[in-house]
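Below: one structure, written as structure tokens.
The values are calculated or read from the model by the stated rules, or taken from the named source; none is laboratory data. Owing to the predicted nature of the structure, the values given are computational and were not obtained by experimental measurement. Using ideal geometry, Cβ is built from the backbone for each residue, glycine included, and neighbour counts are taken over all protein chains shown. The protein model used for the area step is the full one, side chains on, heavy atoms only, and it has no ligands, DNA or RNA in it. Shrake-Rupley method; radii C 1.70, N 1.55, O 1.52, S 1.80 Å.
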Amino acid sequence: MFPGSNDSSNELYLEADGSSNWFDARIEYALPFGATSKTGMVRYQLKNGLLVSEPSGGAQWNPLESGVMVATARYFRRSQSFEFNEGTQDGSISAMEFGLLYDNTDFATNPSYGSRQYLAFSQSMPGSDDIYDWDLWQFNGSKFISLGASEFAHQRILAFNFWAAYSPSWQVNHTLDGTKFISDAAPYNEGATLGGFKRLRGYDFYRFHDKAAIYGAFEYRYTLKYNPIADVNWLKFLKLDWFQLVGFVEAGRVAPHLTFDALWQDYHYDYGVSLRAMMSGLVVRTELANSKEGANFWVMIDQPF
């Protein structure tokens with residue numbers, strides 16, 4: 001059993017002082033159809049943090065007529081160094097990611113209806129410092145359903161997310177004495193990985209990682225009409241438009257094979273609550289997530305999906 005595998009113990013890890021340096025750059029090109037048929041940028045008009053202008057999509061699933069289709073290219077590099085009693089261990093990755101995003105939601109920052117899909121392929125750069133050559137496929141899909149307003153809420157939203165990843169290059173090898181080791185694996189912080197503030201929030205960062213991964217989440221988002229600081233003058237600088245109460249559940253697992261039997265059993269679960277706010281046009285979220293391995297508290301920018 002490898003550390004980080006689906007059935008591994010959360011005590012299979014090493015502690016060390018070290019450093020981590022990274023560079024991440026992305027280029028996006030909005031394709032000239034749908035909501036970006038005449039301009040490469042979608043402009044939203046908001047009132048009290050809620051969309052009042054024409055939505056960018058969601059009424060129909062048709063990239064030629066609705067929503068935004070974006071081609072992406074990302075270059076990322078990370079170098080890490082850890083100091084153990086036995087000596088220093090260094091490592092680095094340098095890779096490219098190419099993806100296609102179709103955002104067919106009404107309001108990309110805080111969707112209330114519509115859907116979003118993202119398909120991407122990542123690969124280590126030829127001639128880079130990586131020890132292995134690795135690759136990764138991933139798909140991310142979200143669906144949002146509006147239940148409308150209520151006496152106390154501007155919005156009541158059901159939000160669903162599905163994510164899957166697979167690294168074809170990942171190989172398990174054996175030495176002459178029977179020892180197993182992994183080669184050509186996508187890095188633990190970029191591959192088929194679960195845990196952290198994006199997926200399986202009740203588990204630590206990069207808790208699970210393997211050749212393949214599958215994940216699903218459900219959130220109920222309740223945007224309050226009541227804003228307790230709306231009339232507090234000395235807090236006006238926050239530009240806080242609304243608060244959102246959220247309850248969520250998540251499930252996922254990693255596996256050494258991309259098969260039905262491997263991926264559709266023995267899931268890890270967590271659940272939690274979140275308080276979110278629209279501040280200066282950005283969603284700021286605080287979350288408390290609980291799992292069988294403990295609880296985590298996160299403070300982050302943007303909706304998780």
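Below are the figures for this structure:
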quantity	calculated
Using θ = phi - 60° and Karplus 6.51 cos²θ - 1.76 cosθ + 1.60, couplings along the stretch 198-214 (whole Hz; Gly, Pro as x)	9, 9, 6, 5, x, 10, 5, 3, 6, 4, 10, 7, 7, 5, 9, 8, 9
Additional length obtainable on full extension of the chain from Phe152 to Asn233, 0.36 nm per residue less Cα span	26.8 nm
Whole-percent carbon and sulfur share, accessible surface of the chain, 1.4 Å	57
Solvent-accessible area per residue for the stretch 30-92 (1.4 angstrom probe, square angstrom)	65
Distant alpha-carbon pairs in the chain (separation over 31 angstrom), percent	38
Listed peptides 223-235, 110-122 by packing density, highest first (mean Cβ within 10 Å)	110-122, 223-235
Residue of His154, His174, His209 that the Gaussian network model of the chain assigns the largest fluctuation, springs spanning Cα pairs under 10 Å	His174
Convex hull volume per residue for the stretch 1-140, taking Cα atoms only, in Å³	189
Potential extension, Phe23-Val172 segment - 0.36 nm per residue separation minus Cα distance	50.7 nm
Full-extension gain in nm, Ser183 to Ser53, via 0.36 nm per residue minus C-alpha separation	41.7 nm
Heavy-atom accessible area per residue - the stretch 120-229, 1.4 Å, Å²	47
Spatial separation of Cα centroids for the stretch 159-175 and the stretch 1-45, in angstrom	15
GluC sites (Glu not before Pro) lying in DSSP loop within the stretch 72-154, provided at most 12 other Cβ fall within 10 Å	Glu86, Glu151
Other-chain or far-sequence residues with amide H under 5 Å of Ala153's (modelled H)	Lys225
Euclidean distance between Cα centres, the stretch 177-215 to the stretch 69-131, Å	14
Computed [θ] at 222 nm, deg cm²/dmol, the chain (DSSP H ≥ 4; -39,500 (n - 2.57); rounded to nearest 500)	0 deg cm²/dmol
Net +/- balance of residues flanking Ala289 in space, Cβ distance below 10 Å, scoring K and R +1, D and E -1	-2
